[in-house]
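The values are calculated or read from the model by the stated rules, or taken from the named source; none is laboratory data. Values in this document were obtained by computation on a predicted structure and should not be read as measured data. Here the Cβ positions follow ideal geometry from the backbone for every residue, glycine too, while neighbour counts run over all protein chains shown.
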Amino acid sequence: DQQVKQNSPSLSVQEGRISILNCDYTNSMFDYFLWYKKYPAEGPTFLISISSIKDKNEDGRFTVFLNKSAKHLSLHIVPSQPGDSAVYFCAASPVNAGNMLTFGGGTRLMVKP
Amino acid sequence: ETGVTQTPRHLVMGMTNKKSLKCEQHLGHNAMYWYKQSAKKPLELMFVYNFKEQTENNSVPSRFSPECPNSSHLFLHLHTLQPEDSALYLCASSQEGGGGRTQYFGPGTRLLVL
């Protein structure tokens, strides 16, 4: 049973608009969450993270929101750019094993010019 | 070289071959990881090394054998693999302790087993 799920396999957005990528988790022991971006033929690149003591973390165009009661996090990209087109993975790690990352299946984002 | 490097980038091997994947991290980290990404599946953690000691083996078959001679280098020795082992193998590193829980990935080795 997948503990981290990204239910949308793909998302298409117009350049300049907001992209919202969603992620749900089931393990209440998860207390640290990360988003990675992956281009073809490259490894995942770290984007942004959030600890469970916060509900929002912002870095430039990227903002991650965490709703602990709903066990849901989202990544907002504003404004979206064609170079943001990639596969985005969310990942989570538990409080008792901080380096054990569990990944979602990924969402392919396409930003159209 | 910066970040996490992996060699080779592509590998084709027969089921009776023995090969090794190499990973090197230039970030001064003290933990290293092997992940597998198969088609249509999430990244799966295979092995974790903290301070050169293996701390996790995520039920990986013995035909995969990791080696971590020091905190900068990690190997994955492969022998008698099966076609279903064809996948992207990713190495990552992190700095454990002091609140650091972000892992940084290499570009991966694309493995095809014939």
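The criterion of at least 2 residues that are touching a residue at least 40 places away in the same chain (Cβ under 8 Å) and of a type in the set (D, E, K, R) is met by the following strands (runs of 3 or more DSSP E) wholly inside the range B:1-51: B:18-25. Against the test of being of a type outside the set (Lys, Arg), more than 10 Å from the chain's Cα centre (by Cα) and at pLDDT below 95, the options A:Gly16, A:Gly43, A:Gly83, A:Gly60 yield a single qualifying residue, A:Gly43.
Of all residues in the range B:69-83, none that is at negative phi and in contact (Cβ under 8 Å) with a residue 12 or more places away in the chain has its Cβ atom under 7 Å from the Cβ atom of a residue that is assigned to a loop (DSSP other than H, G, I, E, B) and small (Gly, Ala, Ser), 6 or more apart or on another chain. Assess whether A:Leu73 counts as being more than 14 Å from chain B (Cβ to nearest Cβ), crowded, with 18+ Cβ neighbours inside 10 Å and not in a loop (DSSP other than H, G, I, E, B). Yes; evaluated as a whole, the condition is true for this residue. B:Pro42 fulfils the conditions (1) under 12 Å from the mean Cα position of the chain (by Cα); (2) at the interface with chain A (Cβ under 8 Å from one of its Cβ atoms) except for a single criterion, (1). Among residues of the range B:76-101 being among the polar types (S, T, N, Q) and surrounded by fewer than 19 Cβ atoms within 10 Å (Cβ to Cβ), the one that is farthest from the other protein chains (Cβ to nearest Cβ) is B:Thr80.
In summary, A:Phe65 fulfils each of the numbered conditions (1) assigned to a strand (DSSP E or B); (2) in contact (Cβ under 8 Å) with a residue 24 or more places away in the chain; (3) more than 10 Å from every other protein chain (Cβ to nearest Cβ) with the single exception of condition (2). Return only the number of the condition from (1) over 14 Å from A:Gln3 (Cβ atoms); (2) in a loop (DSSP other than H, G, I, E, B); (3) free of Cβ contacts under 8 Å to residues at least 40 places away in the same chain that A:Ala97 does not satisfy. Evaluating A:Ala97 over (1) over 14 Å from A:Gln3 (Cβ atoms); (2) in a loop (DSSP other than H, G, I, E, B); (3) free of Cβ contacts under 8 Å to residues at least 40 places away in the same chain leaves (1) as the failure. Against the conditions (1) within 23 Å of A:Leu34 (Cβ to Cβ); (2) more than 13 Å from the chain's Cα centre (by Cα), B:Ser62 satisfies every one except (1).
Look through A:Asn67, A:Asn96, A:Asn7 and report the one residue that is closer than 27 Å to B:Cys23 by Cβ and surrounded by fewer than 13 Cβ atoms within 10 Å (Cβ to Cβ). After applying the criteria, what remains is A:Asn96.
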